[in-house]
Ligand code: NDP
């Protein structure tokens with residue numbers, strides 16, 4: 001049996017992964033750990049359904065609730081950030097990394113030390129610590145499988161290809177709910193409007209990031225880190241239908257596109273079964289019914305996150321960790337109703353400048369402590385900048 005663990009099991013990616021595991025033949029998977037945050041009732045339910053060895057909540061205040069919900073089952077219970085890493089230290093063949101935000105970084109590293117496969121939905125890990133993460137995988141003969149739909153698509157388009165023949169990588173963006181809104185309207189956008197994604201059902205944070213295109217910005221950096229391709233050979237193109245997920249351009253002029261329905265179970269299933277392809281219960285596309293596909297260049301004035309991502313890729317070093325930490329802090333402020341929608345990008349830009357002035361961002365990342373330090377510095381810079389504006 002394949003030993004699997006799910007970090008962030010109660011989230012959108014986590015639930016899609018649970019769906020695939022529940023459909024498998026009996027005795028296919030031996031579930032080691034399931035983890036969540038505050039949704040203890042669902043975590044306990046998942047632990048029972050999957051007969052997990054251990055259920056971990058990230059939050060100590062949720063421990064008692066989880067313990068009570070699993071009383072009499074024999075399933076171990078734990079809480080806190082260290083418990084997440086301890087759970088990732090258990091022998092495992094395949095780990096889903098689907099915690100949202102920088103909180104997914106340490107458990108992902110711990111899982112890599114098992115030498116199995118890390119299915120990486122947590123793009124923040126690559127953005128904050130790409131070179132360290134890839135080095136850790138190499139040192140442990142572990143495999144990282146991209147789960148972001150765009151990166152899974154690129155991975156699939158590259159099977160059997162030589163990276164030296166790749167000219168460019170194009171990732172698509174739906175454009176989110178504000179794609180056709182004027183700048184003045186976007187400035188007044190509410191949280192409710194921002195989470196109303198036209199094509200994908202996702203967690204709240206990534207939905208807002210899609211609306212601001214910070215999600216696409218993170219994905220540009222993720223592409224650069226994971227595939228080792230120069231920033232000027234990575235493009236983002238707006239594709240409202242979200243059916244073409246990415247394209248790889250080769251030196252002979254060919255463009256290999258990956259097309260599929262907007263259903264994350266495809267990318268998760270591909271990472272779960274790789275190098276084989278298994279039956280995945282996603283809708284099959286009827287191209288004649290779809291009729292046409294549209295593409296356009298993104299508007300970097302309306303979505304400055306894309307411009308900032310290019311600066312971050314060029315700078316390298318700690319810029320990714322600062323960018324992500326600042327983005328998370330600015331997102332917290334927007335969700336709390338303390339800043340406007342467009343203020344998020346302004347605050348992130350200010351944080352990048354402030355942190356760079358304090359200590360050049362291009363200095364290389366030495367270790368995970370360095371990532372944490374950069375993350376904290378960025379969050380403080382956003383807090384200070386927001387206070388100055390208030
Ligand atoms: P959700 O918000 O739906 O789920 C996040 C998961 O992380 C939940 O299990 C949540 O627990 C848990 N969690 C929240 N805070 C913490 C914390 N501090 N420590 C540990 N666990 C925590 O997110 P998504 O599933 O949408 O996204 C997860 C990751 O996958 C993100 O990195 C996202 O960018 C990426 N991704 C998502 C896609 C999607 O379609 N949703 C597509 C591609 C990538 P609880 O809910 O119990 O509080």
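Short-range pairs are left out: with C-alpha atoms under 8 Å and at least six residues apart, the relative contact order of segment 104-243 is 28 percent. Our estimate of slack between residue 159 and residue 140, defined as 0.36 nm per intervening residue step minus the Cα-Cα distance, is 4.6 nm. Straightening the chain between residue 185 and residue 23 buys 53.9 nm, computed as 0.36 nm per residue apart minus the Cα-Cα spacing.
Among beta bridges identified by DSSP and lying wholly in the chain, the antiparallel ones come to about 30 percent.
Is the shape of segment 211-276 best called rounded, prolate or oblate, per the rule: a/c under 1.5 gives rounded, else a/b larger than b/c gives prolate, else oblate, with a ≥ b ≥ c the square roots of the Cα gyration tensor eigenvalues? Rounded, since a/c falls under 1.5. Label reach from residue 363 (point 7 Å along Cα→C-beta): in segment 283-326, amide nitrogens under 11 Å belong to 318. Using only Cα atoms, locate the centre of segment 170-204 and the centre of segment 253-328, then give the distance between them in Å, rounded to an integer. Here the two parts' Cα centres lie 15 Å apart.
Using just the C-alpha positions of segment 301-370 as equal point scatterers, what log10 of I(q)/I(0) does the Debye formula give at each q in 0.12, 0.13, 0.22 1/Å? Log10 I(q)/I(0), no solvent term: -0.31, -0.37, -0.93.
Spin-label model, residue 295/residue 68: points 7 Å from Cα along the beta carbon direction are separated by 5.5 nm. Only helices enter the 222 nm calculation for the chain: every DSSP H run of n ≥ 4 contributes -39,500 (n - 2.57), and dividing by all residues gives -14000 deg cm²/dmol, rounded to 500. The value of relative contact order for the chain, using C-alpha pairs under 8 Å at least six residues apart, is 14 percent.
Across the alpha-carbon atoms of the chain, the computed radius of gyration and Dmax are 20.3, 62 angstrom. The overall shape of segment 35-93, judged from the alpha-carbon gyration tensor, is oblate: a/c is not under 1.5, and a/b is no greater than b/c.
Here the extension length gained between residue 254 and residue 384 equals 41.9 nm, from 0.36 nm per residue of separation less the Cα-Cα distance. Anisotropy class assigned to segment 1-156 is prolate, per the alpha carbon gyration tensor with a/c at or over the 1.5 cut-off and a/b larger than b/c.
Normalised by the number of residues in segment 190-301, the average gap of Cα pairs under 8 Å and 6 or more apart makes the relative contact order 22 percent.
Laboratory data are not the source of any read-out in this text; all were calculated from the coordinates shown. Here the structure is a predicted model, which means the values were calculated and not measured. Ideal geometry is used to build each Cβ from the backbone, glycine not excepted, and the neighbour counts take in all protein chains shown.
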